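Right, one structure below, let's go through it.
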Amino acid sequence: MFYVKNVPTWERILRIVMGLMALGFAALNWGSPWAVGAGVMGAMLSMTGLFGFCPMCAMVGRKLDKGA
């Protein structure tokens, strides 16, 4: 594996749910400028939730505590 997971399970589930909600909002409001931002945000949240790795969290040094 080329990356170390840095997002805990509860946060992964939350990111996936929020990402799908944002993608649904973008699909329902396809013509508005807010839809593009919601779609990009939803895609990023869903991908970080699915992979368990967040590049922004890695840049600030966040590590997943295996003991907790």
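The values are calculated or read from the model by the stated rules, or taken from the named source; none is laboratory data. On a predicted model such as this, the values are computed, not experimentally measured, just so you know. Accessible surface is based on the protein model in full, side chains and every heavy atom, while ligands, DNA and RNA are left aside. Shrake-Rupley method; radii C 1.70, N 1.55, O 1.52, S 1.80 Å.
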Practice task
Please work out which one of (1) at pLDDT 95 or above; (2) open to solvent by 100 Å² or more (accessible area, probe 1.4 Å); (3) closer than 18 Å to MET56 by Cα is the condition LEU14 fails and give its number.
Solution key: (2)
Problem - Of all residues in segment 17-47 being among the polar types (S, T, N, Q) and open to solvent by less than 50 Å² (accessible area, probe 1.4 Å), the one that is nearest to ALA58 (Cα to Cα) - result: SER46
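Name every residue in segment 1-11 that is open to solvent by less than 90 Å² (accessible area, probe 1.4 Å) and more than 20 Å from GLY39 (Cα to Cα), in order of residue number.
Taking segment 1-11 first, the residues open to solvent by less than 90 Å² (accessible area, probe 1.4 Å) are 3, 5-8, 11.
Matches in segment 1-11: TYR3, LYS5, ASN6, VAL7, PRO8.
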